[in-house]
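Peer 1: One structure, pasted below without further comment.
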Amino acid sequence: MVPVSYYLILSAILFSLGALGVLIRRNALVVFMSIELMLNAANLAFVAFTRVHETFSGQIFVFFVMAVAAAEVAVGLALVVAIYRSRQNIDLDQMNSLKG
Amino acid sequence: MSLELILFLILALIAIATALGMLLSRSAVYAALYLVVNFVSVAIFYLLLDAPFIALSQIAVYAGAIMVLFLFVIMLIGLETLPGELNWRQLVWPLGLGVILLAEGAFLVVQRIGRDVYIGQTGTALSDPSLMAKVLFNDYMLPFQITAVLLLVAMIGAIVLSKREKAAKEA
């Protein structure tokens, strides 16, 4: 028997670690991975609430979040590759101009 | 301590440890591999929460497709480590903000459930994918189709973005 609050606290911990990753890392790829971690933490909270309220809506939203995450990763990684081609670098601190 | 609680605590330890490993590993390849383990442990949480379909799509989509895409791009770029990353003196402010975010998030999300519900046996009606499909294809039909359009747009966008400059000029 696991209280549902344990799942929610774990989800909050994973989300905070993801947000921390976005703040402290400069490698664009690792920042993307941290965003994935945050999406996952939100998904975990969704599924935990699904179990509490006994409806399928939470699981279905997780399904949609996964589809959006897949789209986001495809476009985001294409952007990273395009940025790397034009500047030979993926350091986020160096990306300070809009000119390509 | 029941079996589920022991399983939960061990898995939670693995999930947090791998998330920290991803955060602190200098090499992007190691970060990606840590994240795969994290996704698998979250998938097992979904099984404990009676969502087997979500658990398996988590493994197929996240641990499979998305992380393979990440590894492909890391190999393609070949820039696993950035020099001078993870400077400990720069970590103080983000760490403080992260702790505040964690405290607020955990407080609000736990306050919201009101009474604490205990999750015991798996195998309730929620674990039946055919019942989930009925809800998905009846109540959520329009969002489902919009998702298909979204994936198509993302695919076209990825192709346009990763086209080489020369090909773009010739076209």
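Peer 1: Please average, across the residues of B:66-74, the number of beta carbons from any other chain that are within 10 Å of each residue's own beta carbon, and give a whole number. Don't skip to the end; give the middle numbers.
Peer 2: On the way: counts 10, 3, 0, 6, 9, 1, 2, 11, 6.
Going residue by residue through B:66-74 and averaging, the value is 5.
Peer 1: Could you give the radius of gyration (one decimal) and Dmax (whole number) of the Cα atoms in the range A:1-87, in Å?
Peer 2: Values for the range A:1-87 (Cα only, Rg and Dmax): 15.5, 54 Å.
Peer 1: Percent of Cα-Cα pairs more than 27 Å apart in the range B:35-171, please. Intermediate values should be presented prior to the final figure.
Peer 2: On the way: 4961 of 9316 pairs.
In whole percent, the long-distance tail amounts to 53.
Peer 1: How well do other chains shield peptide B:126-136, expressed as the mean number of their Cβ atoms within 10 Å of each residue Cβ?
Peer 2: 3
Peer 1: Hey, another quick one. Which whole-number percentage describes the relative contact order of chain B, with Cα contacts under 8 Å and a sequence gap of 6 or more?
Peer 2: 20 percent
Peer 1: Residue-wise, which Karplus ³J(HN,Hα) couplings in Hz belong to the range A:67-79, taking 6.51 cos²θ - 1.76 cosθ + 1.60, θ = phi - 60°, and x for glycine or proline?
Peer 2: 5, 5, 5, 5, 4, 4, 5, 4, 5, x, 5, 4, 5
Peer 1: Another question, then. When the Karplus curve 6.51 cos²θ - 1.76 cosθ + 1.60 is applied with θ = phi - 60°, which whole-Hz ³J(HN,Hα) does each residue of the range A:18-23 get, with x for Gly and Pro?
Peer 2: x, 5, 4, x, 5, 6
Peer 1: Let me check against my output: what whole-number percent is the relative contact order of chain A, with C-alpha pairs under 8 Å and at least 6 apart?
Peer 2: Details: 77 pairs, mean separation 27.8, N = 100.
Normalised by residue count, the contact order of chain A is 28 percent.
Peer 1: How large is the charge dipole for the protein assembly as shown, taken about the Cα centre, if only the Cβ atoms of Lys, Arg (+1) and Asp, Glu (-1) carry charge, to the nearest 20 debye?
Peer 2: Dipole of the protein assembly as shown, to the nearest 20 debye: 760 debye.
Peer 1: Here's a follow-up. Counting other Cβ atoms within 10 Å, which trypsin sites (Lys or Arg not before Pro) in the range B:67-171 have at most 14 and lie in a DSSP loop?
Peer 2: B:115, B:163, B:164
Peer 1: What is the projected area of the convex hull of the Cα atoms of the protein assembly as shown, averaged over all directions, in nm²?
Peer 2: Values: hull surface 63.4 nm².
Over all viewing directions, the protein assembly as shown projects a mean Cα-hull area of 15.9 nm².
Peer 1: What is the set of long-range amide H partners of residue B:119 at a cut-off below 5 Å, with H atoms built 1.01 Å from backbone N?
Peer 2: Sorted by chain and number, the residues that satisfy this are A:2, A:4.
Peer 1: Sticking with this structure for a sec: Where a ≥ b ≥ c are the square roots of the eigenvalues of the C-alpha gyration tensor, would you call the range B:26-68 rounded, which needs a/c under 1.5, or, failing that, prolate if a/b is larger than b/c, or oblate?
Peer 2: Oblate is the answer for the range B:26-68, as a/c is 1.5 or above yet b/c matches or exceeds a/b.
Peer 1: Moving on. R0 = 25 Å: FRET efficiency of residue B:65 with residue B:153, Cβ-based, nearest 0.05?
Peer 2: Taking R0 as 25 Å, the efficiency between residue B:65 and residue B:153 is 0.90.
Peer 1: Tell me which of A:57, B:54, A:33 sits at the most positive position along the dipole axis of the protein assembly as shown, charges placed on C-beta atoms (Lys, Arg +1; Asp, Glu -1).
Peer 2: A:33
Peer 1: Count neighbours as other Cβ atoms within 10 Å of each site's Cβ, and list the GluC sites (Glu not before Pro) in chain A that are DSSP loop with at most 16 such neighbours.
Peer 2: Details: sites: A:36, A:54, A:72; in loops: A:54.
In loop regions of chain A (DSSP not H, G, I, E or B), the sparsely surrounded GluC sites (Glu not before Pro) are A:54.
Peer 1: At residue A:94 and residue B:79, where each label point lies 7 Å from the Cα along Cα→Cβ, what is the point-to-point distance in nanometres?
Peer 2: Modelled inter-label distance: 0.5 nm.
Peer 1: Right, another one. What's the percent breakdown of Cα-Cα distances in the range B:1-72 across 10 Å bins, shortest bin first?
Peer 2: Going out from 0 Å in 10 Å bins, the range B:1-72 shows 21, 46, 27, 6, 0 percent.
Laboratory data are not the source of any read-out in this text; all were calculated from the coordinates shown. Since the model is a prediction, treat every value here as computed from it, not as a measurement. Cβ sites come from the backbone with ideal geometry, for glycine too, and all protein chains shown count toward neighbours.
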